[in-house]
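Since every read-out is calculated from the coordinates, none of them should be taken as a lab result. Since this is a predicted model, take the numbers as computed values, not measurements. For neighbour counting, all protein chains shown are included, and Cβ atoms are generated from backbone atoms with ideal geometry for every residue, glycine included.
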Amino acid sequence: MIFPLGWSVYYREPDALAILYALAVTMVVGGLMTFFLKSRETIRQREGFAIVSLGWIFASLFGSLPYLFSGTFVSFTDAFFETMSGFTTTGASVLTNIEVLPHGILFWRSLTHWLGGMGIMVLFVALLSQLGGGGLQMFKAESPGPVAERIKPRIQETAKALWLTYVILSLLQVILLLFGGMNLFDALCHTFGTMATGGFSTKNLSIGYYPSPYIQWVITIFMFAAGANFALYYQMVKKRTNSFWQNEEFRLYLWITLGSILFICADLALNQPSGLEKTVRDAAFQVVSIITTTGYATVDFEKWPTFSKIILLITMFIGGCSGSTGGAVKVGRILILLKHTFIEILRLIHPRSVKCLKIGDKTVPDAVVINVLQFFFLYLLIFFLGTAVMAAFGLNMIEAFSSVATTLGNVGPGFGLVGPMGNFAAIPEAGKWFLSLFMLLGRLEIFTVLVLFVPEVWKS
């Protein structure tokens, strides 16, 4: 909270005192907890799940304080929803006029994205050497994808390498946006939203506020980069190999993205022609924004033809690569499901054949395949149950469907009331708490949160 406080002081705005109060309360409570709740117990797997899930909830509770103390929100529900949306990189907002907010609050709003993108707990694993083996449990509980990938022998070194990659890419994007004419404040905020695939903007029209094709293409490229596995960047630099093209998941991610752009370009060219470059740019921006679950917008895609909207809806469920800051199901899981389906079809033809599921040159263990199948089942089950609950709160079918899809997938904008030019302000309070839970479920990939509801976890 020191960073947004600096912007408040620089612009001499009244939110400085509110952020200072929030900072003080957080430090005092954290200090008291550190003093009174010291423990030398080993952090095992179940403690790792509990620390990560409860840590994210507490981060959102204390992260709500700048909004409440500054009067940005009167309702604690709205403040918590906005903070949970920030940390989980969902980008779903209840704000109706963003541009009237002071710079400190806007910066805090975007900073929650950047912190949550790589992971709050992964950051502390990188910083705290005394965690020992407990760091691995926290890393595994928070890392996106079917398998938490280690790129260094020690988990703390892995966390540091991932965060260093994240910081370097972020700095590069800030510099490129400054060259495009964006001021430093907006360049930082939009970089936070891009690299974290979050989508909070400082403008009511999102990236559509900037008519510059250069700015839109820069953000498109970095959104795509953020949707790739961050371990591949480290491998490319350290081992000097073409780690991206050698990675089967990345190739599928690339082809899905390019195919979706091509289909939407053709649909727009036939039904809403507006010039080749603009059509390609709009299609590329929105496809990359949705598949990476960033949620930025340059156009109101609700006005696009139905076929284009269906393509976006499909990509909303696919998401980015494992080990990226993107949400949803993840391309890695889609790849495993596709290969497993193909193997099952071959077994029908050749019952005695023995086929191993491989990604690249590595055999995928049966336990990982089962985990992916269970995740996909739970994802669909929770999605349909959630849609029914949101419909009970008074939303129509499209709004209930998309509000759950966009929060569970950490996407941001949906369709109808919660579309790219709308927000979640009109959702009932109970609905906002319900969707906040879905944002947490989506960011921590279901199992980490659901395990807390198993009684055996709490038995000594």
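Some values worked out for this structure:
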{"quantity": "Stretchable slack from Phe377 to Asn396, in nm (0.36 nm times residue separation minus alpha-carbon distance)", "calculated": "4.4 nm"}
{"quantity": "Contour minus Cα-Cα distance for Met421 and Trp245 (0.36 nm per residue)", "calculated": "59.7 nm"}
{"quantity": "Fully extended contour minus Cα-Cα distance, from Ile168 to Lys278, at 0.36 nm per residue", "calculated": "36.6 nm"}
{"quantity": "Of Leu177, Gly431, Ile398, farthest towards positive along the dipole that unit charges on Lys, Arg, Asp, Glu beta carbons give the chain", "calculated": "Leu177"}
{"quantity": "Label-point separation in nm, Ser353 to Ala388, each point 7 Å along Cα→Cβ", "calculated": "4.0 nm"}
{"quantity": "Neighbour cut-off at most 10 other Cβ (10 Å), DSSP loop, GluC sites (Glu not before Pro), region 398-460", "calculated": "none"}
{"quantity": "Given the chain, longest segment not containing exposed loop trypsin sites (Lys or Arg not before Pro) (DSSP; at most 16 other Cβ within 10 Å)", "calculated": "241-351"}
{"quantity": "Taking the convex hull of Cα positions in region 60-103, its mean projected area over all directions (nm²)", "calculated": "3.0 nm²"}
{"quantity": "Placed amide H near Ile359: partners under 5 Å, 5+ positions off or other chain", "calculated": "Val364"}
{"quantity": "Helix runs (DSSP H) in the chain reaching 30 Å along axis by Cα, Kyte-Doolittle at least 0.5", "calculated": "15-36, 155-179, 248-271, 366-392"}
{"quantity": "Computed label-point distance, nm, for sites Asn97 and Phe447 using a 7 Å Cα→Cβ extension", "calculated": "4.7 nm"}
{"quantity": "Förster-model FRET efficiency, 25 Å R0, Lys459 and Thr42, C-beta, rounded to 0.05", "calculated": "0.90"}
